[in-house]
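Data block below; observations after.
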Amino acid sequence: QVQVVESGGDSVQAGGSLSLSCVVSGSIFRGNTMAWYRQTPGKQRELVAVISTGGATKFVDSVKGRFAISRDNANNMAYLQMNSLKPEDTGVYFCNAVRLYGTNYSTLGSWGQGTQVTVFS
């Protein structure tokens, strides 16, 4: 069963903005933190941002001040607003519901296909 579908990726000039969205199965969305990850070819997925059910957020240092994560609880959706994009932000972006166990987040759903973000100079 498909649990996560991401969209919004595109090719963008450095300094530009892009908004990503995903729709998530309610069975894993409700009551759980949502997260955005990104992956560069040859590397493992990197956790980019998380947002709790109450709206508390955390970001990886490299995107602080440039990215914003939000959620729409009525429609089981999560969003990632990306501003001042840099070439190093290039990658395939994924979202998922997660739970924190100790110091590590564990994903609750199957991975979607992701959405490609390309930032060029």
> For the chain, what class follows from the C-alpha gyration tensor (a ≥ b ≥ c being the square roots of its eigenvalues): rounded when a/c is under 1.5, otherwise prolate if a/b is larger than b/c, else oblate?
Replying inline: prolate
> What does the accessible area per residue of the chain come to in Å², with a 1.4 Å probe and no ligands, DNA or RNA counted?
Replying inline: 52 Å²
> Each label point is 7 Å from the Cα along the Cα-to-Cβ direction; what then is the distance between the points at residue 121 and residue 73, in nm?
Replying inline: 4.5 nm
> residue 11 to residue 60: FRET efficiency via 1/(1 + (r/R0)^6), r the Cβ-Cβ distance, R0 22 Å, to the nearest 0.05?
Replying inline: 0.45
> What's the longest bit of the chain with no exposed trypsin sites (Lys or Arg not before Pro), using DSSP loop states and at most 10 other Cβ atoms within 10 Å as the test?
Replying inline: 65-121
> Where the only charges are on Cβ atoms (+1 Lys, Arg; -1 Asp, Glu), what is the dipole of the chain about its Cα centre, to the nearest 20 debye?
Replying inline: 260 debye
>> For a quick check of understanding: with a 1.4 angstrom probe and all protein chains in place, what accessible area in square angstrom does residue 48 have, to the nearest ten?
In response: 0 Å²
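The values are calculated or read from the model by the stated rules, or taken from the named source; none is laboratory data. Bear in mind the structure is a predicted one, so any value in this text is a computation, not a measurement. Cβ atoms come from the backbone with ideal geometry, glycine included; neighbour counts cover every protein chain shown. Each accessible area value is taken on the protein alone, full model and side chains, heavy atoms only, with ligands, DNA and RNA left out. Shrake-Rupley method; radii C 1.70, N 1.55, O 1.52, S 1.80 Å.
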